1. Label-point separation (nm) for Phe123 and Leu20, each offset 7 Å from Cα along Cα-to-Cβ?
2. Using a 10 Å cut-off on Cβ atoms, rank the peptides 94-103, 20-29 from the highest mean neighbour count down.
3. Where in region 45-80 are there trypsin sites (Lys or Arg not before Pro) that are in a DSSP coil and have at most 15 other Cβ atoms within 10 angstrom of their Cβ?
4. Starting from the exponent 0.38 and prefactor 2.2 Å, build the expected Rg for the chain from its residue count and divide its actual Cα Rg by it.
5. Given Leu20, Thr103, Pro128, which one lies farthest toward the positive end of the charge dipole of region 2-146, if we put +1 on the Cβ of every Lys and Arg and -1 on the Cβ of every Asp and Glu?
Amino acid sequence: MLSQVERGIVAPSLNTLYALSSYFQVGLFELFLEDTTDPGRVIRKAERRKVSFPGSSETYDVLTPSGEKGMAVLELVVPPDRGAFEHGLSHQGTECAVVLSGTAVLRLGSAVQEMEEGDSIFFQATVPHQYECGGTDPATILVFTTPAI
């Protein structure tokens, strides 16, 4: 399957990507990024690296330097037309999220948490989770994960 992914024949699921990143001991988002950012360097808004997953209309801006292992900080924009995935993502560590604008829905295991601008949540990332837009405008969410995924 790895060969098919490399050749662009198949698009792996988010869980498959996480399994690959765990196997190769790299952060999930490192699979999409080139290592050109120096640690400690200011990352200007125009220089942010953008990540999107196959079959998804949401985008992540990576706010931490590539190669950072301790924590990842991501700005996630979820459009209102994006539906729920069949399965949420789960990974080792903890996650904290803050809704910067719009309304968001976090599916956390079997629970559904509705969040408005300024609300935050902290949880064990081993519980399958996914973010959705809860309104008619895109939801912008700041996500912190430790360790970095």
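Each reported figure results from applying straightforward, stated rules to the coordinates on display, with no laboratory input. Small disclaimer: the values here were computed from a predicted structure and weren't measured. Neighbour counts are summed over all protein chains in view; Cβ atoms, including those assigned to glycine, are modelled from backbone coordinates with ideal geometry.
1. Calculated label separation equals 2.6 nm.
2. Numbers: 94-103: 18.3, 20-29: 15.7.
Top to bottom by mean Cβ count within 10 Å: 94-103, 20-29.
3. Working: sites: Lys45, Arg48, Arg49, Lys50, Lys69; in loops: Arg48, Lys69.
When the trypsin sites (Lys or Arg not before Pro) of region 45-80 are filtered for loop state and at most 15 Cβ neighbours within 10 Å, Arg48, Lys69 remain.
4. With N residues counted in the chain, Rg over 2.2 N^0.38 Å equals 1.02.
5. Checked the options; the winner is Leu20.
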